[in-house]
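Input: a single structure, listed below in structure tokens.
Just so it is clear, none of the values below were taken in a lab; they were calculated from the coordinates. Please read these numbers as outputs of a predicted model, since none were measured by experiment. All Cβ positions, even for glycine, are placed from backbone atoms using ideal geometry, and neighbour counts span all protein chains on display.
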Amino acid sequence: MKVLIDTNVILDALLMRDQWAATAQELLRITAMDKVRGCVTASQTTDIFYILCRQGASEATGKAVIKTLIESVKVLDVTHADVQNALASDMPDYEDGLLAYCAKRQKVEYVITRNEADFAQSPVPALSPQAFLKQFFSV
């Protein structure tokens with residue numbers, strides 16, 4: 001199974017965000033063990049790096065985190081068609097639209113996000129990390 005992990009979930013794990021960190025970390029652990037193929041887009045890596053550095057991490061730390069992340073998830077390219085489809089979609093958030101259309105083209109089965117409502121118009125179904133883990137891993 002192939003899933004695209006939304007930026008908010010990855011940041012929950014990395015920044016130890018209160019109530020979401022443990023579930024996000026469990027999801028990343030499962031992807032690292034190859035029980036599920038976790039994916040991120042190339043554009044997400046720049047967002048994650050930027051946010052980490054803005055939260056106080058050094059550039060060296062930010063790069064080290066991205067290097068570790070891409071050892072356990074597949075990085076998906078973002079194409080011109082993905083950009084066009086996101087811009088033309090009914091999804092209210094452009095960034096979410098970009099992830100959704102990249103996921104569709106790459107035959108991803110689910111987008112894992114804390115903001116399922118933002119993906120209501122997505123061509124790929126969205127699940128929360130909790131719902132995904134419960135449905136597929138009885139966690």
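Here are some notes:
- Val9 vs. criteria closer than 19 Å to Glu109 by Cβ, in contact (Cβ under 8 Å) with a residue 24 or more places away in the chain and not in a helix (DSSP H, G or I): no
- Checking Asp82, Asp77, Asp93 one by one, the residue that is closer than 23 Å to Met33 by Cα, of a type outside the set (S, T, N, Q) and more than 13 Å from the chain's Cα centre (by Cα) is Asp77 and no other.
- Scan the range 111-120 for residues that are under 13 Å from the mean Cα position of the chain (by Cα) and surrounded by fewer than 22 Cβ atoms within 10 Å (Cβ to Cβ) and the total you get is 3.
- Check on Phe137, closer than 15 Å to Asp6 by Cα, out of contact with any helix residue (DSSP H, G or I) (no Cβ under 6 Å at 6 or more places or on another chain) and not charged (D, E, K, R): no
- Restricting the range 9-40 to residues that are within 13 Å of Thr113 (Cβ to Cβ) and β-branched (Val, Ile, Thr), the residue that is surrounded by the fewest Cβ atoms within 10 Å (Cβ to Cβ): Thr23
- Residue within the range 127-137 that is basic (Lys, Arg), outside any helix (DSSP H, G or I) and over 20 Å from Leu14 (Cβ atoms) present: no
- Residue list for the range 62-116, filter: hydroxyl-bearing (Ser, Thr, Tyr) and assigned to a helix (DSSP H, G or I): Thr68, Ser72, Tyr94, Tyr101
- Output for the range 13-39, where each listed residue is more than 14 Å from the chain's Cα centre (by Cα), in a loop (DSSP other than H, G, I, E, B) and either farther than 19 Å from Lys74 by Cβ or touching a residue at least 60 places away in the same chain (Cβ under 8 Å) (or both): Leu15, Met16, Arg17, Lys35
- Of everything in the range 57-87 that is touching a strand residue (DSSP E or B) at 6+ places or on another chain (Cβ under 9 Å) and farther than 13 Å from Lys104 by Cβ, the residue that is surrounded by the fewest Cβ atoms within 10 Å (Cβ to Cβ) is Asp77.
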